[in-house]
Amino acid sequence: QGEWHWRTGQPIHRLRGRVFGLLSFGFIARLIAERAKAFGVEVWAHDPFIDESRIRSHEVRPVTFDELVEGSDYLVVQAPLTPQTHHTFDRATLRRMKPTSILVNTARGPIVEDAAIHQALTEGWIGGAALDDLEEEPAKQRGWRPTNPLLTLPNVIVTPHAAYYSEEAITTVRRIAAEEAVRVLTGRPPRSPVNDLTVR
């Protein structure tokens, strides 16, 4: 807009001293926590499937879901999409967040209800959002057009389900998938099983 002044945008707050919340504490969430701590944030996590002592061993504070939602300044969703997590972030949940909080969904789109997050962002229930997917993924729609009203808001970033992306990541994902297939087909156990069944 032809302006060159540090105060032309919205106020920016430093990360140090803020609460960085994680919904789920699996492998990726643990890596996120490790990186986030370098910015001086207090990291909280809620994961009903992981023992609290294991969360504490990573210098992360285990909290209830209510504490996570109500206390996080930045809340990163890393949970799997299941019938129980579908629309976890609906109007009722978003209303409980801080008006300055930022919701980051790097998991699956339907965990956050599009209509609810749109209302939360336009009415100031939360400060902003970063969504790596929408509730209905555009890539799965025939003849998709960018009509989702979330795409027009100044306080949201939407990426095309590509938070993982780098050229190196694509190579790594393909290599790991191929190596896992070879392991299983040659009678060895997989490194990343999705269940506890023994592969024979």
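Structure notes:
- Residues considered: 125, 144. Of these, the only one that is modelled with pLDDT under 95, over 15 Å from the mean Cα position of the chain (by Cα) and not acidic (Asp, Glu) is 144.
- Taken over segment 19-45, the residue count meeting the criterion of being in contact (Cβ under 8 Å) with a residue 12 or more places away in the chain and under 17 Å from residue 77 (Cβ atoms) is 18.
- Residues of segment 1-38 that turn out to be of a type in the set (Asp, Glu) and surrounded by 11 or more Cβ atoms within 10 Å (Cβ to Cβ), as a count: 1
- Evaluation of residue 180 against (1) assigned to a loop (DSSP other than H, G, I, E, B); (2) surrounded by 12 or more Cβ atoms within 10 Å (Cβ to Cβ) (one fails), failing number: (1)
- Residue match in segment 131-142 (condition: under 22 Å from residue 15 (Cβ atoms), out of contact with any Asp or Glu (no Cβ under 6 Å at 6 or more places or on another chain) and either open to solvent by less than 40 Å² (accessible area, probe 1.4 Å) or not in a loop (DSSP other than H, G, I, E, B) (or both)): yes
- Identity of the residue in segment 62-98, hydroxyl-bearing (Ser, Thr, Tyr) and touching a residue at least 24 places away in the same chain (Cβ under 8 Å), that ends up surrounded by the most Cβ atoms within 10 Å (Cβ to Cβ): 72
- Selection from segment 48-79 of residues that are within 20 Å of residue 101 (Cα to Cα) and either touching a Pro at 6+ places or on another chain (Cβ under 6 Å) or of a type outside the set (A, V, I, L, M) (or both): 61, 62, 64, 65, 66, 67, 70, 71, 72, 73, 74, 78
The values are calculated or read from the model by the stated rules, or taken from the named source; none is laboratory data. The structure displayed is predicted, hence computed values, not measured ones. Heads up, the Cβs are rebuilt from the backbone with ideal geometry, glycines too, and the neighbour counts pull from every protein chain shown. Just the protein is used for accessible areas: all its heavy atoms, side chains included, with ligands, DNA and RNA removed. Shrake-Rupley method; radii C 1.70, N 1.55, O 1.52, S 1.80 Å.
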